[in-house]
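Everything on this sheet refers to the single structure shown next.
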Amino acid sequence: HEDLGVFTQEVQLSQQAPSDRLRWTAGGYFYRSTEDQIPNTAVTLGFAPAMYPYGAGTTIGVISYAVYGQATYDLTDSLSVTGGLRYSHEQNKARLLGSAPAVAAFTDTSPYIGLNYQIDPDIMFYAKASKGFRAGGTTPNAALPGGSLAFDPETAWTYEGGARMEFLDQRLRVNPTVFLTDWKNIQFNVLIPTP
């Protein structure tokens, strides 16, 4: 049996007046969840009981928040530059029944920069670079030494460039794009059977 409580909220403020050269967005994000794996007392009638992913009696809690801002400025009628920044903080807490809690906290500042060049209403060239972030944490499991295993956060730098083009009165669209992603500490879920 599992109890799960989740609360999330995002607040955003933006200025998008079409007559202004500057357009911007700022906001904040909050997320909190608690998950309790409660031991099951049901009779199994000769069948093996289902295994909890972390073990019965496990409590997992996550608190995450972020603040961010992004602005685009038109340098000319054809050329615009965009810059953004996101600050993220996340705390993960896991506790197996009868053991001390394992706590992991992670922070990151992720930038974004982009450049758009609109040659005419049908042809636009662009280039951008951005950093993505996914917090690390702990994996509680009674079979692991110490009852849990910590893992590092995942980051990814993405570089992209290309064009957005329409021809023949917008009946033909061509969007050539090149991109590169440089990942660090990619997170995967892997099930390893134990005796």
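The values are calculated or read from the model by the stated rules, or taken from the named source; none is laboratory data. Keep in mind it's a predicted model, so treat the numbers as computed, not measured. Positions of Cβ are generated from backbone atoms using ideal geometry, with glycine treated the same way; all protein chains shown enter the neighbour counts. Areas reflect the complete protein model, heavy atoms only, side chains present, ligands, DNA and RNA absent. Shrake-Rupley method; radii C 1.70, N 1.55, O 1.52, S 1.80 Å.
Summing +1 for each Lys or Arg and -1 for each Asp or Glu among the other residues whose beta-carbon sits under 11 angstrom from that of Tyr159 gives 0. Note on Thr25/Asp152: beta-carbon distance plugged into 1/(1 + (r/R0)^6) with R0 of 30 Å gives a FRET efficiency of 0.50.
Surface composition of region 62-130: carbon plus sulfur atoms contribute 60% of the solvent-accessible area (1.4 Å probe, protein chains only, all chains present).
Label-to-label distance for Tyr117 and Asp169 is 3.1 nm, based on points extended 7 Å past Cα in the beta-carbon direction. Rg and Dmax of region 96-181, both derived from C-alpha coordinates alone, stand at 22.4, 70 Å. The residues packed around Tyr112, meaning those with a beta-carbon under 9 Å from its beta-carbon, carry a net charge of +3 if Lys and Arg are +1 and Asp and Glu are -1. In this rough spin-label picture, where each label sits 7 Å from Cα along the Cβ direction, the Phe188-Tyr73 distance is 4.4 nm. With K and R counted +1 and D and E -1, the other residues having a Cβ less than 10 Å from that of Arg21 yield a net charge of -2. Say a paramagnetic label sat at a point 7 Å from the Cα of Leu4, along Cα to Cβ; which residues of region 56-86 have their backbone N under 19 Å from it? Within reach of a label on Leu4: 56-64.
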